[in-house]
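I have placed the structure first, in the form of structure tokens, so that the comments after it can refer back to it.
The values are calculated or read from the model by the stated rules, or taken from the named source; none is laboratory data. Quick caveat: nothing in here was measured; it's all calculated off a predicted structure. Quick reminder, even Gly has a Cβ in these numbers, built from the backbone with ideal geometry, and neighbours come from all protein chains shown. In case anyone asks, the SASA skips ligands and DNA or RNA and just uses the protein heavy atoms, side chains included. Shrake-Rupley method; radii C 1.70, N 1.55, O 1.52, S 1.80 Å.
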Amino acid sequence: MKRLIRIFVIALVSIAMMVPPVEAQSRTTGNRNERSHSTQNSRPNNSGRPSNSSGRPGNNNNGHRPGNNGGSNGHRPGNNNPGRPGNNNNGHRPGNNGGNNGHRPGNNNPGRPGNNNNGHRPGNNGHNPGRPGHGGYNPGRPHRPSGDYRPNRPHRPTVIVPPHRPHRPPMRPWSRPVPPPSWRPRPAAPVIASILGITFGTAINMSLDYLINRGYTIDGYGNDAVYLRDVNEMSYYWPDATLYYGAGGLARSEFLYSTSYPDPIRYNSLYTRFNRTYGPPINIVRTGGVLSATWFAPNRGYVTIDYRSQYSLGGELRYFTTLTFGL
């Protein structure tokens with residue numbers, strides 16, 4: 001009897017120990033069902049993330065962004081390849097439609113936009129790689145014609161007759177002085193190679209360019225002379241000056257100063273200066289109211305001063321001092 005009671009007690013204890021796990025399991029199962037039911041009511045589709053298997057909402061692929069529809073893995077929305085959005089190509093910029101790889105939009109070759117050529121600028125149509133639309137020639141710049149004529153510059157007439165200068169002397173014969181055979185240059189004397197900054201032998205057209213660019217007043221010119229006005233030379237003012245040209249270019253220069261009364265002061269001053277620089281003159285004249293002297297430089301360039309009275313082009317007796325440089 002005691003044995004039966006013992007067995008019965010053991011059975012009750014065993015049943016009591018088995019009831020709580022079953023109840024707990026029932027509660028757990030109920031909670032899961034309630035949670036699943038609540039989730040299904042609040043989120044659409046499956047018990048995982050709604051409408052997506054481990055992906056983002058609205059995407060039926062695994063780990064893809066929404067709207068990608070499983071076309072590729074890890075791509076941006078609306079793009080079926082790893083390019084930018086709205087582009088159906090691989091790594092191309094938008095609007096390129098896969099025509100080329102890595103090119104700019106609207107360009108079928110690696111040139112600039114809108115150009116169907118390779119590496120050419122727009123509008124060049126496959127010609128030389130010059131500026132646009134010109135095939136190698138620079139646009140916006142006037143074409144320079146062949147020859148010595150310069151564009152955008154008025155054509156220079158061949159001859160401009162100088163105005164009448166009543167105080168100028170009439171033209172008189174002239175010949176180049178020649179040193180005597182016994183002449184020897186003074187040591188360390190300067191050469192005479194240019195005048196007014198123009199080298200002897202320079203052509204007349206180049207001389208005119210030089211004089212105009214430096215603001216000299218040009219009265220006129222011809223094939224063998226350029227007439228100037230109001231020139232400074234040897235620290236003196238000369239109202240008239242003339243540059244003479246030959247077959248070899250600039251050959252000599254002449255500076256004129258005149259008064260209505262005898263005035264040899266300028267002649268005497270210049271004589272002293274040249275005598276100090278080049279030594280005694282090789283030719284000297286002092287007769288009949290005429291004073292003249294000539295010196296030579298080591299390169300056979302020469303300088304002459306002359307003072308005399310004579311009638312001017314206006315018919316007036318005047319006293320002229322003339323300074324001449326030549327080579």
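Some observations on this one:
- Output for segment 286-313, where each listed residue is farther than 24 Å from residue 235 by Cβ, open to solvent by 50 Å² or more (accessible area, probe 1.4 Å) and either in contact with a helix residue (DSSP H, G or I) (Cβ under 9 Å, 6 or more places away or on another chain) or not polar (S, T, N, Q) (or both): 286, 288, 289, 300, 311, 313
- Selection within segment 281-298 - farther than 16 Å from residue 191 by Cα and either of a type outside the set (Val, Ile, Thr) or within 51 Å of the chain's Cα centre (by Cα) (or both): 283, 286, 288, 289, 291, 292, 293
- Residues being under 15 Å from residue 306 (Cβ atoms) and among the small types (Gly, Ala, Ser) - total across segment 257-277: 2
- Residue 257 satisfies every condition listed in (1) within 40 Å of the chain's Cα centre (by Cα); (2) open to solvent by 30 Å² or more (accessible area, probe 1.4 Å) except (1).
- Segment 208-220 residues that are closer than 18 Å to residue 158 by Cα and open to solvent by less than 50 Å² (accessible area, probe 1.4 Å), paired with ones that are part of a loop (DSSP other than H, G, I, E, B) and at pLDDT 95 or above (beta carbon under 8 Å, 6 or more apart): 211/196
- Residue match in segment 291-306 (condition: in contact (Cβ under 8 Å) with a residue 40 or more places away in the chain and in contact with a Gly (Cβ under 6 Å, 6 or more places away or on another chain)): yes
- For segment 314-327, a tally of residues being surrounded by 15 or more Cβ atoms within 10 Å (Cβ to Cβ) and within 22 Å of residue 258 (Cβ to Cβ) returns 9.
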